[in-house]
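Worksheet for the structure shown next.
Laboratory data are not the source of any read-out in this text; all were calculated from the coordinates shown. Predicted, not measured: the structure shown is a model, and the values here were computed from it. Backbone-built Cβ (ideal geometry, glycine too); neighbour counts: all protein chains shown.
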Amino acid sequence: MKRTFFVGLLAAASLCLPVRAAARPAGLQVDGEPLSAPAYVEEGTAYAPLRDLLEALGGWNVWWDDGSGTARAVSDGASLSASPDENTLTVNGRTYACTVDVVDGRTYVPLRLTAEALGAGVRWDPWLDGAAVTSPGAEHDAMDYYWLSRIIHAESGGEALEGQIAVGNVVLNRVASADFPDSVPAVIFDVENGVQFEPVANGALWEEPTDLSREAARRALNGENTVGGALYFFAPALSQGSWIDSSRTYRQTIGCHRFYQ
């Protein structure tokens, strides 16, 4: 999905937000999977649709209790309720005072408060203009996995698994290097010396990754490496790569890409 299209979706989502001047749409993904229902930010707090959030975390049974006017959910001995009338969120018997809204039939709760009460991690992702939620026990950080799978797909989606892992290795090698930014998305969106990855400029980064690209991202994050310490690559069929060829040490070719130290 291209960046312009994504922004369009956020604009459309804003039509479903509470009628408050301070509210604005926000992106939201859980373990690398974007939520289709809109989220929003108001006065510095991100709000998420409760049912969609819990279903993305997995294992929750969610329903609306007409008698009490409360959203309720249970999962393996855990329980949660959200009351719009009382503006309270109760998780496993502990009650928090917070804003709870119902918008177009969806119950919205404060994202960080709810996720962390359930043992999940939350990071604000400025590149997504939203939040990344990592579920309890997830194999990888949601933000790292989300962006790594997308850059792998955009740069090498037509390659075999070995070549896709190699692209992921280059990104992670840069994260570990003092010469580059220190996070996966910061490396991908780095423009200090010009755009580093063409998909950032042409919008291909926003396309949904294939299952193979997701697998490559998981393997790279798990430490599988097919190109050693390579920090650069290019495809000779698409780019001359003259600067890399003349100034970096060639390591190997995998598929259509040449990799350099």
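By average Cβ neighbour count within 10 Å, what is the ranking of 194-204, 100-110, 48-58 from highest down? Write out the running numbers ahead of the final one.
Working: 194-204: 15.3, 100-110: 18.6, 48-58: 22.0.
Final packing ranking: 48-58, 100-110, 194-204.
Taking R0 as 25 Å, what FRET efficiency do you get between Val102 and Ala138 from their Cβ-Cβ distance, rounded to the nearest 0.05?
On the way: r = 29 Å, r/R0 = 1.16.
For R0 = 25 Å, the calculated efficiency reads 0.30.
Quick one: net charge of Leu35's neighbours, Cβ under 10 Å, K/R +1, D/E -1? Don't skip to the answer; put the middle values down first.
Numbers: positive: none; negative: Glu33, Asp52, Glu55.
Residues near Leu35 contribute -3 overall.
Measure off 7 Å from each Cα along the Cα-to-Cβ vector at Trp243 and Glu33, then give the distance between these two points in nanometres to one decimal.
If labels sit at Trp243 and Glu33, their model points lie 4.0 nm apart.
How much net charge surrounds Ala131 when only the other residues with a Cβ under 9 Å from the Cβ of Ala131 are counted, with Lys and Arg +1 and Asp and Glu -1?
Values: positive: Arg112, Arg123; negative: Asp125.
Computed value for this residue: +1.
Say each of Asn193 and Leu161 gets a label point 7 Å from the Cα, pointing the same way as Cα to Cβ; how far apart are those two points in nm?
With each label placed 7 Å out from Cα toward Cβ, I get 3.4 nm.
Do the sum for the chain: with -39,500 (n - 2.57) for every DSSP H run of n ≥ 4, divided by all residues, what is the mean residue ellipticity at 222 nm, to the nearest 500 deg cm²/dmol?
Numbers: 9 runs with 85 residues, N = 261.
Value at 222 nm, helices only, nearest 500: -9500 deg cm²/dmol.
Taking only Cα atoms of region 142-260, what ratio of Rg to Rh do you get with Rh as the Kirkwood inverse-distance radius?
On the way: Rg = 12.8 Å, Rh = 14.0 Å.
We get a ratio of 0.92 for region 142-260.
Once you place label points 7 Å from the Cα toward the Cβ at Asn225 and Thr95, how far apart are they in nm?
My value for the distance between the label points is 5.4 nm.
In debye to the nearest 20, how big a dipole does the chain give about its Cα centre with +1 on each Lys and Arg Cβ and -1 on each Asp and Glu Cβ?
Numbers: 18 positive and 33 negative charges, 74 e Å.
Here the chain has a charge dipole of around 360 debye.
Which angle from 0 to 90°, rounded to the nearest 10, does the C-alpha axis of helix 161-176 make with the longest principal axis of the chain?
80
May I ask for the distance between the Cα centers of region 192-261 and region 142-160, given as a whole number of Å?
About 10 Å separates the Cα centre of region 192-261 from the one of region 142-160.
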